[in-house]
Amino acid sequence: MLHPAVGKPSMTFHDDPGPIDGFLGIISIFESIPGALYNWLCTPHMEMPQDAISVPICFWSLSDESLFPVGANETQLVNNSVTQQWLRSYLWHIALNFQLPDTVFMADSLPLEAPLSAAQSVMATIASVSQRSMEVHGIGMERKLFDLGTYILDYAAARPNLLNRHVAVCSSAKSMLWGLLLSLSKLRGAQSFLLPDLLGRAKDFLTLDRSVSRALTSSPEENVRDEPG
């Protein structure tokens, strides 16, 4: 967890405020989580602290625009944006996985569709920035995209009746998951080592056949060799 005693960077007269503001922004994202909740997540066999019930408060605190300083560069803003949505989805995952009271999952508390809105925001971010701004974050970025994909699958498993009744919601969930899979297939110029795992989990939900799965996980050279003629 973060240690409050560790000093944060400060600016001098000659410093460019942008990068420092961006770094402080990413710190503030994680500071939204109470220390007691961090400790409990590391040792979940402990009795659930009162802070766990305040998960929705933490969730909404992560919508603060101050997390995205004006002077930060694109690379920092990408990291802040994806991390914000990943952490919001993780809080949703905590509430679902540890069976917090049903009252937690309310529109003005913790929206049940939080993973879908998070993935939608992340995909919009990916589409609006350069490939380099994504790539520089390495495996950490890949891990967040992977986690977002698993949270969509958790949502689908928790609400099968809703997906069956509402075609638009089901289509949105599949579209967001598909977008995450495509991103993992080419994020750093090659497929992520996490792609086969997420693809395996998503195959039934997306009803992917073997040819589609192979196209995602094969190298470009293999795909060329397989083309007729």
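The values are calculated or read from the model by the stated rules, or taken from the named source; none is laboratory data. As the structure is a prediction and not an experimental result, all values here were calculated from the model. Glycine also receives a Cβ, built like all others from the backbone with ideal geometry; neighbour counts cover every protein chain displayed.
Anything in segment 154-180 that is of a type in the set (A, V, I, L, M, F, W, C), over 13 Å from the mean Cα position of the chain (by Cα) and within 27 Å of Asn80 (Cβ to Cβ)? List them, or say none.
Result: Ala173, Trp178.
Being out of contact with any helix residue (DSSP H, G or I) (no Cβ under 8 Å at 6 or more places or on another chain), at pLDDT below 85, farther than 30 Å from Ala190 by Cα and outside any helix (DSSP H, G or I), is that true of even one residue in segment 23-43?
yes
Can you find, within segment 129-158, the residue that is modelled with the lowest pLDDT among those that are closer than 16 Å to Ser89 by Cα and of a type in the set (D, E, K, R)?
The selected residue is Asp154.
In this structure, does Ser192 turn out to be over 18 Å from Thr125 (Cα atoms), at pLDDT 90 or above and among the hydroxyl-bearing types (Ser, Thr, Tyr)?
For Ser192, the condition - over 18 Å from Thr125 (Cα atoms), at pLDDT 90 or above and among the hydroxyl-bearing types (Ser, Thr, Tyr) - is met.
Taking Ala72 and the conditions (1) over 24 Å from Cys42 (Cα atoms); (2) touching a Gly at 6+ places or on another chain (Cβ under 8 Å); (3) modelled with pLDDT of 75 or more; (4) not in a loop (DSSP other than H, G, I, E, B), which numbered condition does it fall short on, given that it satisfies the others?
With respect to (1) over 24 Å from Cys42 (Cα atoms); (2) touching a Gly at 6+ places or on another chain (Cβ under 8 Å); (3) modelled with pLDDT of 75 or more; (4) not in a loop (DSSP other than H, G, I, E, B), Ala72 is out only on (4).
Taking segment 182-207, which residues are in contact with a Phe, Trp or Tyr (Cβ under 7 Å, 6 or more places away or on another chain) and either in a helix (DSSP H, G or I) or among the polar types (S, T, N, Q) (or both)?
Matches in segment 182-207: Leu184, Leu198, Leu206.
Which residues, taken from segment 124-146, are surrounded by fewer than 18 Cβ atoms within 10 Å (Cβ to Cβ) and touching a residue at least 60 places away in the same chain (Cβ under 8 Å)?
Val136
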